[in-house]
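Notes to accompany the following structure.
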Amino acid sequence: MEILVAAILTIITAATPLLFAALGELVTEKSGVLNLGVEGMMVMGAIVGFAAVHFSGSATVAIFASMVAGASMAAIFGVLVLVFHASQVPTGLALTIFGIGLSALVGQGMIGVAYDGIPQLHIPVISDIPVIGEIFFSQDGLVYLSIFMVFAVMWFMNKTRAGLILRAVGDSHDAAHAMGYSVLKIRFLAVIFGGAMAGVGGAYLSLAYSPLWVEQMTAGRGWIALALVVFASWKVRRVLMGAYLFGGISILQLHAQALGIAVPSQVMSMLPYLATILVLVIISRDRSKIKLNAPASLGKPFHASR
Amino acid sequence: MLPRLIKRQAPSKAMVFLSPILALLLTLLASVVLFLIMGVSPSAALHAFFVEPISSIYGLTELMVKATPLILIGVALSLGFRAGVWNIGAEGQLILGGIFGGSTALFFYEKTGFYIIPLILIMGIIGGMLWAGIVAFLKTRFNANEILTSLMLSYVAALLLNLLIHGPLKDPDGFNFPESRLFSDSALLPILYDGTRLHLGAVIALFFVGIGWILLSRTLLGYQIKVMGDAPAAGEHAGFSHSKIIWTTLLISGGAAGLAGAIEVSGPIGQLLPNISPGYGFAAIIVAYVGRLHPLGVLFAALLLALSYLGGETAQMKLNLPVAVTGVFQGLLLFFLLACDVLIQYKIRTSKKSESTFAPAVKSSIKSTSEVK
């Protein structure tokens with residue numbers, strides 16, 4: 001039982017950063033913008049969050065700082081892509097390269113600095129229930145926030161007028177423009193939201209998952225988050241599923257030794273990347289399905305002639 | 001009134017060439033700001049970054065040593081990018097080339113023979129092609145996005161190298177350090193200029209620029225690549241096979257990256273280490289763009305990016321600046337380039353001066369009509 005609880009707790013901590021980043025990217029992509037810079041925004045969120053908690057001592061300040069960091073990175077992308085009509089794929093790559101470099105620069109003095117990790121919120125009484133209490137009611141605030149965001153995004157996308165407009169912009173920017181909606185403004189907001197979410201996802205790594213700063217500590221999670229959005233066929237519910245599935249793969253990585261599996265650690269570390277490829281292959285095999293679900297204007301530039 | 005972008009009738013040829021220069025100037029300007037924030041004298045930093053590394057013969061040869069892998073990969077990636085095939089996992093293909101080439105060198109440890117070096121290079125190419133071939137297979141057979149698969153495979157490649165270095169390829173007399181034996185002399189690329197590290201790879205890279213140029217401008221394949229990138233529908237109508245272009249461009253870029261990896265391990269490094277590339281595979285993406293996806297442009301861009309690596313090292317030694325500055329510089333350069341590229345397709349139009357002589361009422365009416373339009 002104990003090992004099962006430990007495994008589930010590992011799944012949750014491994015899934016949460018992916019969930020944040022993938023949810024944010026989903027909203028961005030739903031508006032028709034493909035931001036490949038998730039990795040760069042996450043890693044900036046990670047260092048800024050860590051630095052903020054180091055200097056302020058407050059986890060709340062750190063979380064907001066990481067959101068601002070991710071959003072600022074996203075703003076660079078947004079301006080380049082939406083105002084300067086830069087091509088989305090190379091701009092996203094540039095954002096990742098820039099983010100990795102800048103985070104290493106900012107994090108110079110942060111290497112080797114210790115932090116206890118953000119506090120867990122024990123919900124009174126029910127957190128004392130064995131097993132269930134430990135799994136569901138003794139997590140840190142960010143885990144709850146990530147689950148809350150799943151429902152918030154789901155509600156926004158499917159039940160609100162603003163969500164409908166966002167999807168319209170992503171599916172046909174010309175039609176949305178003709179109806180009088182400001183395509184660029186809506187897309188910019190979606191990009192910013194994606195950045196803020198990636199920022200928190202990164203901060204989860206440096207504040208909770210392994211509370212310290214290591215260069216490039218996101219280790220490709222931004223890219224896995226991008227793959228998750230494809231895996232989820234741009235559906236919020238499936239992002240949640242996918243993130244927890246990937247969390248499940250990482251428990252193999254951490255608990256293999258405890259279970260007495262004699263596989264080199266490097267091979268275990270390959271698993272999330274190999275799983276991403278496998279999942280992409282399974283999902284993408286059906287071309288028509290991808291075509292049906294992907295926002296129709298995804299990655300296409302928009303320039304209003306007037 | 002804000003400046004507005006007006007679409008040009010035809011793309012500006014002049015801006016294609018001016019944009020990288022403008023981007024470089026803006027990057028330098030931004031670097032000055034960055035250095036000021038970091039509390040370093042900008043003139044000293046810029047001198048350490050861009051002048052000092054190339055103010056000696058040795059420096060110039062080092063520049064070429066660093067530029068060699070960037071040229072090889074940059075030229076090859078340009079072909080793919082032109083065709084709309086986004087291989088961004090060249091880093092992984094380079095590592096595979098290093099593994100294949102390096103294993104070959106270790107296999108012929110303490111043996112001599114003229115065939116060893118060619119074999120190392122060929123094995124490197126095969127290693128890189130194998131890694132890129134997986135991407136091409138998954139793309140053409142299963143429609144899997146090549147950006148994500150090639151990138152994921154880069155992480156796998158790095159772990160694979162790490163695994164091998166800790167295991168079968170570890171130096172048996174190396175006190176358990178994670179590195180291979182030093183290659184024998186017969187497995188090391190010949191040095192072109194005594195007292196430096198300038199090796200045969202530089203010649204291969206320059207040769208590759210020529211091949212890339214001919215391929216792109218003089219062959220049917222080059223034509224097909226350009227058509228498939230600019231107008232895929234037209235290309236398919238003409239009977240060009242999309243999957244053939246995907247396979248070809250990926251194999252070329254994978255092979256070139258693998259060759260670069262083999263050259264690195266049998267040239268400047270001389271053994272297998274856990275880390276054989278400071279991100280050449282990613283920097284080559286920037287090289288390809290700054291070089292306007294043209295082999296000759298790539299040559300210059302590769303020298304510029306090589307200088308950013310060298311400069312980063314010098315600035316670290318002289319001014320105690322973190323090496324990470326190099327990454328920031330590279331990222332900024334690509335940002336500014338992408339922003340400046342807007343001027344290829346668009347021109348900037350601000351409100352004309354003559355308007356200011358109009359009476360305010362007339363002016364506002366002009367403004368409102370222009371908005372109605």
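Ranking A:THR13, A:THR276 by Cβ neighbours within 10 Å, fewest first, what do you get?
A:THR13, A:THR276
Using the per-residue mean of other Cβ atoms lying within 10 Å as a proxy for protection, in what order, highest first, do the peptides A:59-71, B:309-321, A:279-291 fall?
A:59-71, B:309-321, A:279-291
Given the peptides B:237-243, A:233-239, A:223-229, arrange them by the average over their residues of other C-beta atoms within 10 Å, most packed first.
Ranking the peptides B:237-243, A:233-239, A:223-229 by packing returns A:223-229, A:233-239, B:237-243.
So how tilted is helix B:360-372 from the main axis of chain B? Cα-based, degrees 0 to 90, rounded to 10.
Tilt relative to chain B: about 50 degrees.
When you look at the Cβ of every residue in A:269-275, what mean number of other chain Cβ atoms sits within 10 Å?
For this peptide, the per-residue mean of nearby foreign Cβ atoms is 5.
Sorting A:GLU215, A:GLU2, A:GLU25 on the 10 Å Cβ count, fewest up front, what's the list?
Fewest-to-most Cβ neighbours within 10 Å comes out as A:GLU2, A:GLU215, A:GLU25.
Beta carbons within 10 angstrom, averaged per residue: use that to sort the peptides B:287-293, A:93-99, B:79-85, highest first.
Averaged packing, sorted descending, gives the order A:93-99, B:287-293, B:79-85.
Tell me the mean residue ellipticity at 222 nm calculated for chain B from its helices only (DSSP H runs of n ≥ 4, each -39500 (n - 2.57), averaged over every residue, nearest 500).
-22500 deg cm²/dmol
With respect to the cross-link table entries B:LYS7/B:LYS244; A:LYS30/A:LYS159; A:LYS235/A:LYS289; A:LYS30/A:LYS185; A:LYS30/A:LYS291; A:LYS30/B:LYS244, which display a Cα-Cα separation exceeding 24 Å?
As for pairs spanning more than 24 Å Cα to Cα, those are B:LYS7/B:LYS244; A:LYS30/B:LYS244.
Taking amide hydrogens as modeled 1.01 Å from N in the peptide plane, which residues meet the under 5 Å criterion relative to B:HIS199, leaving out close sequence neighbours?
Correct list: B:LEU192.
Can you tell me the 0 to 90 degree angle between the C-alpha axis of helix A:265-284 and the longest principal axis of chain A, rounded to 10?
Computed tilt is about 30 degrees.
From the phi angles alone, apply the Karplus equation (6.51, -1.76, 1.60; θ = phi - 60°) to the range B:266-272 and give each ³J(HN,Hα) in whole Hz, x where the residue is Gly or Pro.
Whole-Hz 3J(HN,Hα) from phi for the range B:266-272: 9, x, x, 8, x, 6, 9.
Taking each residue in A:83-93, count the Cβ atoms of any other chain within 10 Å of its Cβ, then average. What number comes out?
Mean partner shielding for this stretch: 6.
With θ set to phi - 60°, apply the Karplus curve 6.51 cos²θ - 1.76 cosθ + 1.60 along the range A:168-175 and write out the HN-Hα couplings as whole Hz, x wherever there is a Gly or Pro.
These are the phi-based 3J(HN,Hα) values: 5, 4, x, 8, 8, 5, 5, 5 Hz.
Take peptide B:320-327, look around each residue's Cβ out to 10 angstrom, count Cβ atoms belonging to other protein chains, and average those counts.
Counting other chains' Cβ atoms within 10 Å and averaging over B:320-327 gives 5.
Since every read-out is calculated from the coordinates, none of them should be taken as a lab result. Bear in mind that the values here come from a model prediction, so they are computed numbers and not experimental data. FYI the Cβ positions are ideal-geometry reconstructions off the backbone, even for glycines, and counts take in every protein chain you see.
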